[in-house]
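Written out below as C-alpha cells is the structure these notes cover.
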Amino acid sequence: MKKNISLFTTILLGFTTICCFAQETALKINNKMGKPTTEELNLTVYEPEPEAEAVVLYDATEAVYRWGTDDFRINYTHKTRIKILKEEGIGYANVVITLYESSGNHSNKEAMSGLKAYAYNMENGKMVKSKMGKDQVFKERINQNLTQVKFTIPQVKVGTIIEYEYDIISDFYYNLESWEAQWEIPVLYTEYEIGIPEYFVFDIDVRGSHSLHREDKHINMTFTAFGDTFTCNGNNIKLIGEQIPSLKDDKFVWCIDNYRAQVEFELRSIEIPGSGYRYYTQTWEEIDNALLEDEAFGGCLKMDNPFKEEMKALPLKETKDIEKRIGMVYQLLCSKLKWNGRYTLGGRSVKEILKDGSGSNADLNFIFISMLKDAGIRAVPAVMSRRDLPMLPSRPSIDNLNTFVVAIAKDNSTNSTFTFFDSSNRYGYLNTLPEILMTDRARIIGTGDKWVNLNEISKNEIKTVIDTKVTPEGKIIGERTSNYTGQYAAKIKRTFFSAEDSLTYIKNFNNKNNVTITQYQLNGINEFTSDIQEQMAFEKECSVNGNIMYINPLIFLHCEESPFKQSERKLPIEFSYTEQISMTISMTLPEGFVIDDLPKSKRLETSKKEISALYLITQNENKITIRYNFKLNKIIFNNTQYTGLKQFWDELADINNAQIVIKKS
C-alpha cells in the first residue's frame, strides 16, 4: 500500500474567488498557545458566520526536515485552538489522528508524541483551565497500515475554548502532508510552514477558491549524519489563510475536497549528493506501463479464467448478439461471487477471492475480463478516481488512481468503440455504471492515449402512462404502466432486491406515494437488461371538504418540493446523471361535478435550455388529459447559475403540487 499524498491543482469554473486578506474581522489573531484572550473567552457569535457552531481561532502546522538514524525524517508540529459556540460544536472536542505505517517495510512509519490538550471556561468571572488526562487518550489499530489516536478534551460546553497540540515524526519525508486550510466551520487564522532542503523538488499546488498568502525565503539548513555535520541551501515556505468561511458538504457536490482551500505537494525529484538523481513525476504512458508491470494490476490481467469449465455450458458460440454473450458471462460470475462493498485499483489472488466467495470491484472485474477473453470478447481496464474522491490532477499521477471499470470492445477491430461496465453493479447494465464511477476522466489501459468521459454514457428515462377515474366519494382508481431505462432501471432493481420481500417493497411504495396498490407486476427484474417494465393497479384518496374535491392530477409526483432552499450558493451544482421523465395521464371526473379551478399549462426552461419541463393540461367535458415532460440535459452548473436553477425548481414544485378543484353541481 502506497501512502496517498499525491497532489494537484484544480481549476474551479464559475467559483467566486475571494481574497481572504481583504476581509476584516473584529477578532484579533492570537498565536500564543495556553493564553486565550478575554475577547476569545467572551466570544458568543462569530460575526462573519453568525450561525456557526464553532470557529477555529488558530491552527498552525510547522514541518521540519531532520536526519534520523540513517535517512531524512520530517517532524510535524500541530497546534489548534477552537471556540465552541453552540451545542452542535461540542463534537470538535473529540479528535482523531491517523498514523500511517508502510506494509512492505515496517521501519517506515509515523509516530506521535507530545500530545497536550486543554479546555478553558469562564466560571464566576474567572478563567478555569482543565487538562486532558491520559485516560482520555485511546489508540486503535485499524489495519496493518493505519493506526488511529483518539482523544476527548474534558469539561467542554458552549462557550469553551479548546486547545490541543502534538508532534508527528514521519519517515515519509518524500510524501509531505497536505494542508487543509478550510474546515466545516469557519477559520479565523491558519498557517503552514515548511523548510525544504535543496535535495528535494516538489510541485506545490493550491486548490480551492479562497486565496492563501505565500511567503518564500532562502535559508541555510544544517544536518548531522553519521557523525558528520553538513549544510545545504533550502527554501522556507509559509502559507497563511485568514477568515476562511466554512465549507459544508451537500448532496449536490460529488466530492467536497475538490473545492476545499488547501495546499498539496507532489515530489518531482530527489538529488542527494552521492545518491544520484531520481525523477518521480511520470507521463501517463509511464503510468500505464507501471500499472501493467504491477503484480496487483498487470499480474491480475494475466490470470486464467477460474470458471473455464462452467463457461463451456453456456451457448456462447450460438449467440451472435455480443450484449447477450456479455450478459451470460456476467450472470455466471454473479452466481459464483459477490461484491464485498469495496472499490480498489489492485486485485488479490484468485485463490483468496474464491475462498472468500466475494471481492472488491477490482477483484471481480479482473475475473470478468478473463472470462470475457475466453468468450472471445476483448476487454481492458479503464482506470479513474471515483466521484467521491478528489478528481484526477492535470498532471500525471498514479497515486490519485483508486479503481477501474471494464471497457468492453464492441468488436475485435483496433478502432472499436467501447462500452463500459463494473462488476460491483449487479443491478446495472452496459454503460449503466454505479454513480460513484461515472467520472469525467477515465483512462483506458492498453489502447494508447485514450481518455473517456463516463458522465453521460447511459440513457436514463422513465415513460409512464396512467389511466384513472375519480369516484363521487373522492377516490382515484387507476392503472399505471411504466418503462424504466438506464439508471432508473438499476434503481428500481436495487430497491426491489433491497426490500425484505415483494410485500415489503409494495408497502414501502404505498407509503412513499400515498397510494394503495391492488395489483402489481415487474418484468425484466431478474434479467441482464437496461429496461424494466412495471404495471400496477392502484387507488388513492383525494382531499374532500364537503361538496368540494381537490385532486392532484399527476398522482405520482416527480418533484414535491424544491431541493434548493438557500438564497445563494458558493459551491457548484453537480447532478448525478442526465435524465428524462415523461408522463401521460388520462383522468375521468365523476358525474354530477363541475370544475371550479383548473391548473394552467406551463413550460419551464433554464436560460440555455439545459433543463426543461412541460406541463400541458387539457379538458374535454369530464375528461382531463395531462402531459408532463422533464429533461435534464446537463449535470454540472456553476454557482453563478444557482439563481436560475432555484427559480426553475421552485416553479417545478409548484407545477407538481397544482390541483384541480371540482364541486358538486
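The values are calculated or read from the model by the stated rules, or taken from the named source; none is laboratory data. The shown structure was predicted, so the numbers you read here are calculated from the model rather than taken from an experiment. Don't worry about glycine lacking a Cβ; one is built from the backbone with ideal geometry, like all the others, and counts go over all protein chains shown. All accessible areas refer to the heavy atoms of the entire protein, side chains included, with ligands and DNA or RNA removed. Shrake-Rupley method; radii C 1.70, N 1.55, O 1.52, S 1.80 Å.
Here are a few things to note about the model shown:
- Rounded FRET efficiency, nearest 0.05, which uses the C-beta distance separating Arg494 from Gln148 and R0 of 25 Å: 0.20
- Dipole in debye (nearest 20) - the chain, about Cα centre, beta carbon charges: Lys, Arg +1; Asp, Glu -1: 1120 debye
- Full extension of the chain between Trp67 and Ala313 yields a length gain of 82.2 nm, computed as 0.36 nm times the residue separation minus the alpha carbon distance.
- Solvent-accessible area, 1.4 Å probe, carbon plus sulfur percent, for the chain: 46 percent
- Note, ³J(HN,Hα) from phi for segment 391-399, Karplus 6.51, -1.76, 1.60, rounded to Hz, x at Gly and Pro: 5, 4, x, 5, 8, x, 7, 6, 5
- Label-point separation, Phe226 to Asp388 (7 Å along Cα→Cβ), nm: 4.9 nm
- Counting 0.36 nm for each residue step from Lys238 to Ile477 and taking away their Cα separation leaves a gain of 79.0 nm.
- Taking label positions 7 Å along the Cα-Cβ direction at both Asn620 and Glu88, the computed distance is 5.3 nm, reported to one decimal.
- Ranked by how many other beta carbons lie within 10 Å on average, peptides 432-445, 219-232, 573-586 from highest: 432-445, 573-586, 219-232
- Remark: segment 503-511, residue by residue, has Karplus-estimated 3J(HN,Hα) of 5, 5, 4, 5, 4, 5, 5, 4, 5 Hz, where x stands for each Gly or Pro and the curve is 6.51 cos²θ - 1.76 cosθ + 1.60 at θ = phi - 60°.
- Among residues other than Asn629 with Cβ under 14 Å from its Cβ, the summed charge is +3 (Lys and Arg +1, Asp and Glu -1).
- Per residue accessible area of segment 161-257, 1.4 Å probe, in Å²: 39 Å²
- Taking θ as phi - 60° and the Karplus parameters 6.51, -1.76 and 1.60, the scalar couplings of segment 603-611 work out to 10, 10, 8, 6, 4, 10, 6, 5, 10 Hz in sequence order, x denoting glycine and proline.
- Positive-end residue, the chain charge dipole about Cα centroid, Cβ charges, pick of Pro186, Ile29, Gly428: Gly428
- Segment 612-665-segment 294-314 distance, computed between alpha-carbon centres (Å): 51 Å
- Alpha-carbon centroids, segment 190-217 and segment 319-383: separation in whole Å: 43 Å
- Theoretical gain in end-to-end length, Lys338 to Asn289 [0.36 nm per residue, Cα-Cα removed]: 14.6 nm
- Cα convex hull of segment 350-470, projected area averaged across orientations, nm²: 11.8 nm²
- The chain, helix-only ellipticity at 222 nm - DSSP H runs n ≥ 4, -39,500 (n - 2.57), divided by all residues, nearest 500: -4500 deg cm²/dmol
- Computed with a 1.4 Å probe on the full set of protein chains, the accessible area for Glu541 sits at about 120 Å².
- With the simple spin-label model, which puts each label point 7 Å out from Cα in the Cβ direction, the Ser543 to Glu215 separation comes to 6.3 nm.
- Per-residue packing, averaged as other Cβ atoms within 10 Å, sorts the ranges 45-57, 347-359, 252-264 into the order 252-264, 45-57, 347-359, beginning with the highest.
- Computed over protein heavy atoms with a 1.4 Å probe, the accessible surface of segment 289-368 works out to 56 Å² per residue.
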